[in-house]
Structure formats: structure tokens, C-alpha cells
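Comments concern the structure below.
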Amino acid sequence: MVTTHSLGFPRIGAHRELKFALESFWHGQSDTNQLQQVATELRRRHWQQQAVLDIQPVGDFSLYDHVLDMSVTLGNLPQRVQSEHGHALDQYFRAARGRSANDSECQCVHASEMTKWFDTNYHYIVPEFHADTTFTLNAQRLVEQLREARAQGHRAKPVLIGPVTYLWLGKEKDRSNKLNLLPDLLSVYSELLGILAAEGAEWVQIDEPILVTELSSDWRHALTNAYHHLKHTGVKLLLATYFGELQDNLQLACELPVQGLHIDAINGHLEVNRVIDWLPTHKVLSLGVINGRNIWKSDLSATLDWLEPIAAKLGDRLWLAPSCSLLHVPVDVDNEQQIDNEVKHWLAFAQQKLHELALLARALNEGRDRVASALAINAKAIYSRQTSSRVHNPVVKHAVDSITTSFGQRQADFATRQLEQTRCLNLPLYPTTTIGSFPQTPDIRQARQQWRQGKLDQVRYTELMKLEIERAIREQETLGLDVLVHGEAERNDMVEYFGEQLDGYVFSQFGWVQSYGSRCVKPPILFGDISRPNAMTVYWTRFAQSLTDKPVKGMLTGPVTILNWSFVRDDQPRRDTCYQLALAIRDEVLDLEKAGVPIIQIDEAALREGLPLRQSQWQHYLDWAVDSFRICANAVSNATQIHTHMCYSEFNDIIEAIAHMDADVITIETSRSDMELLDAFEHFDYPNDIGPGVYDIHSPNIPHAADMVTLMKKAAQRIPAERLWVNPDCGLKTRQWHEVIPALQNMVQAAKTLRQIATSSVA
């Protein structure tokens, strides 16, 4: 009989219950018990929803981040967090966001660095290591949740991040080699697995997704050592890999001394038969046959066609699961009432994916005849999508085919453009700006909701948004910022806002996905060929510019980020879809320039995120990703200044590709990493202007001017001062005005201090 299981489930709740519970706790409106009650109820509900499968995961639920949870389990929180007062939950949230509930300004600490989880839009809290790091087991969270699940009648499978992946995800904060910590770490893992065995766990899922990356001999050797050390702990280990192919790690993964192996059969479909050949006959093979990262229904009949021979060969050794944790998709498409039925019938969220999995298992265990009607319904949906006239637009296809290299060329080189832009803009040394958005207040959100519900007409809604834009402009003028933004009051999300105005998209009401902590995004669903019927931002930007003599940036989201932060169609190459998006944004850029907008920022926050996990495949992606940016950005005149922004990504290793984008100014996140991201500029002569973020907007802490001056001095050691900008590291929509105002006051003061220092040094 085929066994079904899940690698993980969305944590936030179908209606973002966890988000609201967290924010209530952080604001002091609820206590620890109330927060934990919400968490307990969500776990109960999620296990019940997964009861259609044979085995349910335990430990995948997190109050903030599963990597941070693993750091807590291993006793590896930063010393600056451990030394603070309060209980364990306070330490946890201080590591995550620099502050817990009711902390005062003087109780704040430096939040841990945050970066992307492999090639997803999920952000994890980066573990910190030193040469003298030691690990101490704290198994309480896992043991309690295991007992919860078993008490509710579930066959529970604890989920852990594997020891080698945990080290790989972290950063040395000194010059030590983190692999030297492995022996001590393995002792704690052995102790933990022994405790889970004593608690009655039969299987433990231990995630080592680094097996789909290119590994040096040291890391491959570490994996071998780790699992030989852990092979006698009293539980069966299911080693889980996902997000890609094993390739040169295939034999290693198959031969590690564990009782089962999970592979991503969506991204690694061509490797399945090779794995079956290599895997010892006593091991379980778990195949991830349902896409855990996209929202399209699976073609169940086609899946059964290749699964049936495998099931006949492996028998009870075959397990089925989603390709990865369902953390990356929304909870339940049945909650959606506004997606039109044609497209809705093409979709499967987490709950539907579990039922697809159960249906596949029943067909394999009992025969297709027992599920014939369900398979027929599925086949009808698949055929409907394949043949829909809404998906394919020959005009768009022709436009993409007509792209030439000239589309991506600026009229002159950067030095020439810089002279003309300097003359037109007349900005000071260390010019100050923000990344684009200002706080989305309750009044803004209420007005948008009432407008969408038809309770507020277009005229009144426009008036309210104009009032908010004027407020943002006046606040920036008072602060003394040099380049202003309109604040994006009218925008719900930096991708969804644009998708709503492009043909080829549909939108969910409740399709929320966790990005980090309480931050949730609702990725738009890109189902067909993309085109731009009308201008999307010109009206609001022109209005903002009419309120001030200072330059106002036009704010756009770039094609690569729109692509990577959408649920993207899977019936054509991502490159082709990205070129369609690039042409749409190109039209918007030209309309902004015609409207007299002197600076246009095209955010590519997700450029790094889209990189394949194997470096050998990077160049193909970077070629079309950078081309897409250049296509949308480079049709403007020399005087129009093009900015781009990237956040929370390690991009030192793609700095040449970023330079090839040829943006006049790039703004990046560097505050949490203490300017470490600028190390690339010690060996690479970056040619254009750069704004290294000095204000960590993902923490409620208010940075001091002196600290920002220190950060910019570090930047000036690598980048000439005349090419440096001063800005936050990301948009301010998630912050509150009472935090933003003093933080930006300090940022402007820091810029003034830097100018004084520069003037004094010249004198």
C-alpha cells in the first residue's frame, strides 16, 4: 500500500489568524497565553485538515520562522538576546525583530540578519556562529507538539532542519569555519532524536535541501559523517530534499544511512528512475509528486501514468507527498468567491493538494476505477486550461518576438548620463530618499476595503488617497529629504497592484502566503499572456509632483520581481513570461517620462531570489532576467534617472550582472548585515551610484544618527562618496508614522553630518 504524508503546512491560518495574534501580542493588546491559544488551535485545525493523509508533520508550525525555531531548539540564540531580561518568547522575538512585546527603546537589541530561504520569497532568520559556539538542547517545543498531535489521534512525524543544512544556512561572525562546529552539533541532534524516539515517534523527517545545490567535498563529507553519527538513535529517518534535482549528489543522497529518502519529483522528475536504481531495496522512497510551490491543479491521469509502474515495483516502500512544504501556497481555494469559475477550476491550494495526493494514493492502492469520476473532473479542468482563449494572445506573442538588442540600450554611458542628471536634479552630496512606500495606516486600509466593497465611490476614494499622498509629501519636505516619493497610499502590494491592471492576471481574496513573521503576501495568479491596457501609476505620480518643487520618483515594480512574486503559469518558459512583463513595464516607464517625472525607480527586489540553486545554471537565468530589466528601463533619455532596489538577498556573487543592469542608482539592504553586503565592492569596481540601506525597516527599533553615519563611513571605504545615497533598506509600508518620522529625522541628520565631514576633509 502507498503511504501519503506532508512535509509541512501553511502556518498563518486560512484567514491570517496567526498574523493578527502576533501583532496583537507585540502591541501589548494580548498576553502570552492568548498568543499560545491561537497557535494551539491552528495546529489542531491544520492536523485535522491533513488527516486525509496517512502521516502528519509536527514541528513545521512556527510563531515566526522554522530556522529560528531550530536555533532555539539547539540553544543557539545570539548572546545579545540571551543576556536580556524576560522569558524565552521575549528572547525569541528579539532575535527575530529586535524587540518583543512592551519592550522600550532602551531594551531593543540588534535583530538577527534575515535572508531568503533558498530560491523562495520566504525569509528566514540567519543563525549566527562563532569559533566558541556551543549547542544546548531545548526539546520542549517539539515534544509538546508531538504529544499534542498524538493525543488528537494523529500519526505524527516530527520535522527537523538537518544539521548540515542548519550550518550551511548560518553565518560565521568571526573568521572561524562553521563546519568545525559539526561534532558538537551532532551530539545535540543525537540527544534530540533519542528523546523523540522515547516519546513514541516512529519516523522523523530531517530536511537537507542543500543536497540540491552544488556542494564542495567538505560539505559532502559533512553529510556522510553526520548521518553515520545519527544512524543509531532509535527512530527512522526520512531524509528530505526539495526545490531541485540531486544531480551529482544523487548517489550520496541514496547511500546515506537513513531509512527513507524524499525527493522533489516535480523539479527532479527526470531523476526518479535513477534514484530508484541507486536506492537500497530496504529504504522507503518518498516522491514529491504534487507541486508544493505553485497553485495549478495537477494532471492526475498523467501523474498516474508514470507512477503506476513505480508503485508496482516498490510496493509498500513508495510514499507520496507534495514536492516540498506547503508553506509556499495559500490554504484553501474553496474560500475564494471572486475568482471567476473558469480560472478557479484550474487551481489547487494547500487543502486541494492534499486531496489530490490522497486521490493518487487511492488510485494506486485500489485501482483507477475506484476514483474514475474524480479523475474525469480533473481531466476536464486540465483540458479547459490548455485550450482557453484567455490564456493565449497572439498580439503579445508577436511583440515578444519583435524584441531586439536595441530595446535594452541607453542612449549614452553612465558617465555621460550622470553629468546631465546632475545638472537637471542639482542634488547635494549624500542625497537622501526613501525606497517608495510610507505607512499604510488603518484609515488607508479601511478606505481601500470600502472602495472595493462598493461602499465608497471612486471620487471619494480618490480624494482620500490624494490627502494621504499630500501628507506623505509634506512630511518628507519637513524632514528635508532630497528626493521624494508619493508614498503609495493607493497600493495594496507592490506586485498585486500592478497585476490588477494587467491583462493575464486574476486575484484571490484569501490567497495569503507567509513572507516572514507576521508579514503575509497575496501573490497574484499569472495565468495568461500579459499586456498593459492603460497607464498604471502616472496619475498619482503626476499629482504628487504637482505638490512640490523637489523631484518625486515614479515607483514601479520590475518584471523579474513581478514574475518571481506571482504564481506563474507553468505552460511556457519563465523567460517568455518575463519578457511580456518587461514590455508592459516599458510602456509605463515611457508614459512616466512623458509626464515629466525626472526619476523612475524600478524595483527588482527578487532578482537574486530567482537564481537557480546551482551556480552552473545561473548564467542562463541572469541573461534573460537582466535583459528584461534593461528592456523595461532603457528606452528613456539621458536626463531621466533610473533607480532600482534589491532587498534581503546575498548578491555579492552576482554583482557583475547587477552592474550590467546599468541602473543609474541601485539601493540595497545592508543595515542588518552591518554593510557586509558591500564586501563585493572591494574586488569589483561598481560603476554607478549606490544607496546602501542604513535603516532596518523590518524592526520597530529607531536607528540613531551616529550609527547610520558609521554605516555610511564603512560604505565610503568601498564606494566614492560622490556616488553614495542615504536611504532605508526597504519600503516603510509596514511601519507606523510614529516610528518612521524620528527614524528619517535621524537619517537626514546623518546625511548632514556626512556632508560636514566631507567639507571639512576637503578644507
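The values are calculated or read from the model by the stated rules, or taken from the named source; none is laboratory data. Owing to the predicted nature of the structure, the values given are computational and were not obtained by experimental measurement. Here the Cβ is made from the backbone with ideal geometry for all residues, glycine too, and neighbour counts use every protein chain on show. In case anyone asks, the SASA skips ligands and DNA or RNA and just uses the protein heavy atoms, side chains included. Shrake-Rupley method; radii C 1.70, N 1.55, O 1.52, S 1.80 Å.
Annotations
- Looking across segment 593-620 at every residue that is among the polar types (S, T, N, Q) and either part of a loop (DSSP other than H, G, I, E, B) or touching a residue at least 60 places away in the same chain (Cβ under 8 Å) (or both), the one that is nearest to GLN418 (Cα to Cα) is identified as GLN601.
- Once segment 195-209 is narrowed to residues that are surrounded by 19 or more Cβ atoms within 10 Å (Cβ to Cβ) and charged (D, E, K, R), the residue that is farthest from VAL58 (Cα to Cα) is GLU208.
- Here segment 411-420 is the region considered, the condition is being assigned to a loop (DSSP other than H, G, I, E, B) and closer than 12 Å to VAL636 by Cα, and the residue that is most open to solvent (accessible area, probe 1.4 Å) is GLN411.
- Test result for GLY234, among the small types (Gly, Ala, Ser), more than 23 Å from the chain's Cα centre (by Cα) and modelled with pLDDT under 95: yes
- Beta carbons closer than 8 Å, at least 6 apart along the sequence or on distinct chains, never pair a first residue in segment 390-410 that is open to solvent by 50 Å² or more (accessible area, probe 1.4 Å) and aliphatic (A, V, I, L, M) with a second that is in a loop (DSSP other than H, G, I, E, B) and modelled with pLDDT under 95.
- Hits in segment 498-521 (condition: in contact (Cβ under 8 Å) with a residue 60 or more places away in the chain, of a type outside the set (A, V, I, L, M) and outside any strand (DSSP E or B)): PHE498, GLY499, PHE507, SER508, GLN509, PHE510, GLY511, TRP512, GLY517, SER518
- Enumeration of residues in segment 258-283 that are among the β-branched types (Val, Ile, Thr) and either open to solvent by less than 10 Å² (accessible area, probe 1.4 Å) or in contact (Cβ under 8 Å) with a residue 60 or more places away in the chain (or both): VAL258, ILE263, VAL272, VAL275
- Evaluated against (1) of a type in the set (D, E, K, R); (2) under 30 Å from ALA639 (Cβ atoms); (3) in contact (Cβ under 8 Å) with a residue 40 or more places away in the chain; (4) crowded, with 19+ Cβ neighbours inside 10 Å, GLU468 falls short on exactly one condition, (3).
- Scanning segment 506-521 for residues that are open to solvent by less than 20 Å² (accessible area, probe 1.4 Å) and not polar (S, T, N, Q) turns up VAL506, GLY511, VAL513, GLY517, CYS520.
- Looking only at residues of segment 312-328 that are more than 18 Å from GLU271 (Cβ to Cβ) and buried (at least 18 other Cβ atoms within 10 Å of the Cβ), we find that the one that is nearest to the chain's Cα centre (by Cα) is HIS328.
- Those residues of segment 574-618 which are small (Gly, Ala, Ser), surrounded by 17 or more Cβ atoms within 10 Å (Cβ to Cβ) and at pLDDT below 95, in sequence order: ALA605, ALA606, GLY610
- Count - residues of segment 335-371 that are in a loop (DSSP other than H, G, I, E, B), open to solvent by 20 Å² or more (accessible area, probe 1.4 Å) and closer than 25 Å to ARG390 by Cα: 4
- Failed condition for GLY367, given (1) in contact (Cβ under 8 Å) with a residue 24 or more places away in the chain; (2) small (Gly, Ala, Ser); (3) over 27 Å from ILE206 (Cα atoms): (1)
- Any hit, segment 689-707, residues being charged (D, E, K, R), touching a residue at least 60 places away in the same chain (Cβ under 8 Å) and in a helix (DSSP H, G or I): no
- For segment 127-186, the set of residues classified as in a strand (DSSP E or B), open to solvent by 20 Å² or more (accessible area, probe 1.4 Å) and touching a Phe, Trp or Tyr at 6+ places or on another chain (Cβ under 8 Å) consists of LYS171, GLU172, listed by residue number.
- Helices (runs of 4 or more DSSP H) completely within segment 53-113 that count 2 or more residues being buried (at least 20 other Cβ atoms within 10 Å of the Cβ): 66-73, 88-97
- Scanning segment 621-647 for residues that are in a loop (DSSP other than H, G, I, E, B) and crowded, with 22+ Cβ neighbours inside 10 Å returns THR640, CYS647.
- Enumeration of residues in segment 732-746 that are surrounded by 21 or more Cβ atoms within 10 Å (Cβ to Cβ), closer than 18 Å to GLY480 by Cα and touching a Ser or Thr at 6+ places or on another chain (Cβ under 8 Å): LEU732, LEU744
- In segment 522-565, the qualifying residues are those that are assigned to a helix (DSSP H, G or I) and touching a Pro at 6+ places or on another chain (Cβ under 9 Å), and the one that is most open to solvent (accessible area, probe 1.4 Å) is GLN545.
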